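Enquirer: Starting off with a structure, shown below.
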Amino acid sequence: MDSIYNELVSCPLFSAFTAQELAKLLTQDLFVIETFTKGEVVRMQGDKYEALMVLLQGKLNARFHEYSGKTMLVETLSAPDPIAAGVLFSDVNYLPVTTEAVGDVRIITIKKSGILKLFQANAEMLRRFLLESGSKVVFLAEKVRLAGLANLRQKISDYLLRMRDQFNCNEFTIPYNREKMAELLSVARPSLSRELSKMVEAGLLELNGREVRILEPEELQDTLMSL
């Protein structure tokens, strides 16, 4: 059981505690461990969400299912991500997505009373929970906004120009890795990499990992004028 607490403190949400502190506060009656195999549904869209779930191992796909039968991949979660943290204390605490195991998955589900107990014991835990919830809202709102653009070049151009405005500079660091950025733009990672390579070859950008330098902001703006 001690290994559970060691795994939890590797999650940024709980890293304000030591494993020993967590063991004293988060007693075994406050959580359960669940395991799932590839393709299994972990929770369904519309399920009541009354306990915080945290990935200890593996990945989950979160999909939105429409009544028409269409589905949309909202995000991919990886250990040690919390799942739908912001929903836990919502007035409408129903899961907006269905979560499915990408491979073998192990999850800890912590009762809301246990989370409140941790908040009371350490304000840093509360701050990190609010940060996680707020960051997720911003990410998903941006994802929805970008989904309205016509093509990948326009999505990339719009995103990079907004980042430039945020930093007030043509050189900045993208906050997401390539996989997360592809998720934000609702495209496959290889498609994003190809399009970025084309933009570099065209002299629009310079890229070095997450470091970006916009060389031709006017041309990026012209891309969006065709909307």
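The values are calculated or read from the model by the stated rules, or taken from the named source; none is laboratory data. On a predicted model such as this, the values are computed, not experimentally measured, just so you know. Backbone-built Cβ (ideal geometry, glycine too); neighbour counts: all protein chains shown.
Enquirer: Of all residues being surrounded by fewer than 20 Cβ atoms within 10 Å (Cβ to Cβ) and of a type in the set (Lys, Arg) in the stretch 38-63, which is modelled with the lowest pLDDT? Just the residue, please.
Expert: Arg63
Enquirer: Examine the stretch 79-92 for a residue that is touching a helix residue (DSSP H, G or I) at 6+ places or on another chain (Cβ under 7 Å), over 27 Å from Leu26 (Cα atoms) and at pLDDT below 95, and state whether such a residue exists.
Expert: There is no residue in the stretch 79-92 that is touching a helix residue (DSSP H, G or I) at 6+ places or on another chain (Cβ under 7 Å), over 27 Å from Leu26 (Cα atoms) and at pLDDT below 95.
Enquirer: If I ask for residues that are of a type outside the set (D, E, K, R) and either under 23 Å from Arg43 (Cα atoms) or touching a Pro at 6+ places or on another chain (Cβ under 8 Å) (or both), which ones from the stretch 108-129 would you list? Outline the logic, then answer.
Expert: Pass one, the stretch 108-129, residues of a type outside the set (D, E, K, R): 108-110, 113-116, 118-123, 125-126, 129.
Within the stretch 108-129, Ile108, Thr109, Ile110, Ser113, Gly114, Ile115, Leu116, Phe129 meet the criteria.
Enquirer: Looking at Glu100, Glu66, Glu7, which is the one that is charged (D, E, K, R), at pLDDT below 95, surrounded by 15 or more Cβ atoms within 10 Å (Cβ to Cβ) and not assigned by TED's automatic domain parsing to the domain that holds Lys180?
Expert: Details: Glu100 fails: at pLDDT below 95; Glu66 fails: surrounded by 15 or more Cβ atoms within 10 Å (Cβ to Cβ).
On inspection, the qualifying residue turns out to be Glu7.
Enquirer: What number of residues within the stretch 1-57 satisfy the criterion of being of a type in the set (A, V, I, L, M) and outside any strand (DSSP E or B)?
Expert: Going residue by residue through the stretch 1-57, those that are of a type in the set (A, V, I, L, M) are 1, 4, 8-9, 13, 16, 19, 22-23, 25-26, 30, 32-33, 41-42, 44, 51-56.
Next cut, outside any strand (DSSP E or B) only: 1, 4, 8-9, 13, 16, 19, 22-23, 25-26, 30, 44.
Selection size over the stretch 1-57: 13.
Enquirer: Take the stretch 174-193 and flag every residue that is under 18 Å from the mean Cα position of the chain (by Cα) and of a type outside the set (A, V, I, L, M).
Expert: Of everything in the stretch 174-193, those that are under 18 Å from the mean Cα position of the chain (by Cα) and of a type outside the set (A, V, I, L, M) turn out to be Pro175, Tyr176, Asn177, Arg178, Glu179, Lys180, Glu183, Ser186, Arg189.
Enquirer: Would you call Lys59 closer than 19 Å to Leu130 by Cα and of a type in the set (D, E, K, R)?
Expert: Numbers: closer than 19 Å to Leu130 by Cα: no; of a type in the set (D, E, K, R): yes.
Here the answer is no, as Lys59 does not meet what is asked.
Enquirer: Going by what's in this entry, would Ile156 be described as touching an Asp or Glu at 6+ places or on another chain (Cβ under 8 Å) and assigned by TED's automatic domain parsing to the domain that holds Leu207? Write out each step before concluding.
Expert: Numbers: touching an Asp or Glu at 6+ places or on another chain (Cβ under 8 Å): yes; assigned by TED's automatic domain parsing to the domain that holds Leu207: yes.
So Ile156 passes the test.
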